[in-house]
Amino acid sequence: METITNKTLEKLKYELVRDGIVSYETLEKADELANVQKINIGQALINSGILAEETLLKFLESKLHIPYVNLEDYQPDEKCFKFVSFADARRYRIIPLFKIEDVLTVAMADPLDLFAIDKVIETAECSIEPVIASEASIMKKIDEYYKVADTVDNITLTAEEDEDFDWTEELHREEAGEEHIQHVIRAILKQAILEDVHEVNFEQVEDGLKVIFRKHGEIYDKGIVPAILNSAFVSKLKTLSNLDATVCEIPQLGKLCFKVENTMLVASVSSFPTIMGERISLKIYKPPMSLDKIIGDEKQRNIIENSLITPGIILVCGSPLSGKTHIIYSILMEAAKSNKNLMTIESIAKYELKGVNQCELNENIGFNMDKALRYVEFQSPDVIYLEGIKTRDSFEFLSELFYSDKVVITEFMANNMTDLRQKLAFEDFQSFKSLISCLIFIHSRDSIEVFDKSTLQKYLA
């Protein structure tokens, strides 16, 4: 795992001692903490409560004679985002603010990172004027503004296109360049939505990049992006998905946001290296609805609502892409109405849920499920959603949460009830099975069953 560095702070850290802001011993301890946690020393000082963030930023401003800007109420000029890609903005913790004549002003967490400045100068082809801003505020603005500025265009659907639309028509238009690539991506997503497809895959073949739709377990070949466009297509798709377009040797996980008829949809985007090149998989998630719109039966809703106030495991089951996450988000929305501490541990947060503390795993900095499980209980959650529990250790941890009076929500893959019964019959699941307070099985979009503890135990016996 690579340490997140800040060249500015490394160069000036002993000035903090000379100016009497911190003692040498405190600085050394913060340095050790930074090395252990793989963060920069500034973050270590702030996280430990030794220094206020504003104090540190004002210190840098005085030493470097570079203005400090509070981005909290600042609105960047979105026209300038074309000079710094989303990937570079996140990598170098930098965001363009405005451009006057041939000078682009950028907010930086590390204004002495000459490599970052050179990179921006090369891309923007103009002079750079840095200002100092907090790393957290920069990352917040990047996530806030680049979702708008660097996303797929709005997708408009019409009834006439339901059967006739073909994304390859967009491919063959007489256009060229990055904008054309973005239009092709939009067309593929549009066809997926029209055909009610929630998984789109891109596989490298000799002729180019094969486009594959997956629906109800069946695979459908939808054409090929020509080899000449491969590199540009993959790069644009990864950039739109918050992935590093320069890295192809290791798996990456990102998120793509796009609008369909003014409704924002989210797709998780996974890139994976193969001997033919990267394979990219998109899984499309629709915005969550209120629980009463998904489960119309009041008795079944009452089972779920009662399970949210009683320690136990709420298990949501169904086949792949059956809508398990969709229902779980609806349950979390319902739980958020109460005065409880709700937390999630997810690979990707599909949608931001008000009143829910959502946590995304990040393998790049060593924050994996194992580490999350070891530390989440210190946050005292009342209700916790754990995504993708599959190992024996994880199932044992679920039991520990139950005995700590927690409500745990998780999902389990099963194609039908017979399949579920056979899987849960294994000895490894006996303890886990006894802790299930509510089971929700998704047979189809219009057929959902809800079991309470007593009914379920009889059914699985």
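The values are calculated or read from the model by the stated rules, or taken from the named source; none is laboratory data. Note that this is a predicted model, so its numbers are computed, not measured. All Cβ positions, glycine included, derive from the backbone under ideal geometry; neighbour counts span all protein chains shown.
Is one or more of the residues making up segment 226-245 polar (S, T, N, Q), crowded, with 20+ Cβ neighbours inside 10 Å, outside the structural domain of Lys354 (by TED's automatic domain parsing) and without any contact (Cβ under 8 Å) to a residue 60 or more places away in the chain? Yes, the conditions are met somewhere in segment 226-245. A search for C-beta distances below 6 Å between a residue of segment 320-343 that is farther than 22 Å from Ala267 by Cβ and modelled with pLDDT under 90 and any residue that is of a type in the set (Lys, Arg) and in a helix (DSSP H, G or I), counting only pairs 6+ apart in sequence or on different chains, returns nothing. Could you go through segment 279-289 and let me know if any residue there is over 29 Å from Arg421 (Cβ atoms) and aromatic (Phe, Trp, Tyr). Checked segment 279-289: no residue is over 29 Å from Arg421 (Cβ atoms) and aromatic (Phe, Trp, Tyr). Gly254 passes every criterion in (1) touching a helix residue (DSSP H, G or I) at 6+ places or on another chain (Cβ under 6 Å); (2) crowded, with 17+ Cβ neighbours inside 10 Å apart from (1). With respect to Thr418, determine if the residue is modelled with pLDDT under 80 and not assigned by TED's automatic domain parsing to the domain that holds Gly217. No: the conditions fail for Thr418. Within segment 424-461, if we keep just the residues that are of a type in the set (Lys, Arg) and crowded, with 16+ Cβ neighbours inside 10 Å, the residue that is nearest to Ser307 (Cα to Cα) turns out to be Lys453.
Take Ser380 and decide whether it is in the same structural domain as Ser338 (by TED's automatic domain parsing) and over 17 Å from Val316 (Cβ atoms). The answer is yes for Ser380.
Whether a residue is modelled with pLDDT of 85 or more and not assigned by TED's automatic domain parsing to the domain that holds Ile94 was assessed, and Leu71 passes this test. Counted as qualifying within segment 167-268 are the helices (runs of 4 or more DSSP H) with 2 or more residues that are of a type outside the set (D, E, K, R), within 26 Å of the chain's Cα centre (by Cα) and more than 30 Å from Asn362 (Cβ to Cβ), namely 178-194.
Do you know which of the residues in segment 371-399 that are modelled with pLDDT of 80 or more and among the acidic types (Asp, Glu) is nearest to Lys423 (Cα to Cα)? Filtering first and then ranking leaves Glu387. Listed by position, the strands (runs of 3 or more DSSP E) enclosed by segment 380-461 that each have at least 3 residues that are farther than 24 Å from Met369 by Cα are 436-444, 447-452.
Selection of first residues in segment 206-217 that are at positive phi and of second residues that are among the aliphatic types (A, V, I, L, M) and outside any loop (DSSP other than H, G, I, E, B), restricted to Cβ pairs under 7 Å at least 6 apart or on distinct chains, gives the following pairs, ordered by first then second residue: Gly208/Ile224; Gly208/Val225; Gly208/Ala227.
Within segment 292-310, not a single residue is more than 14 Å from Ser330 (Cα to Cα), in a strand (DSSP E or B), in contact with a strand residue (DSSP E or B) (Cβ under 6 Å, 6 or more places away or on another chain) and not hydroxyl-bearing (Ser, Thr, Tyr). Does Asp113 meet the test of being of a type outside the set (Lys, Arg) and within 16 Å of Glu135 (Cβ to Cβ)? Taking the combined requirement at face value, the residue satisfies it.
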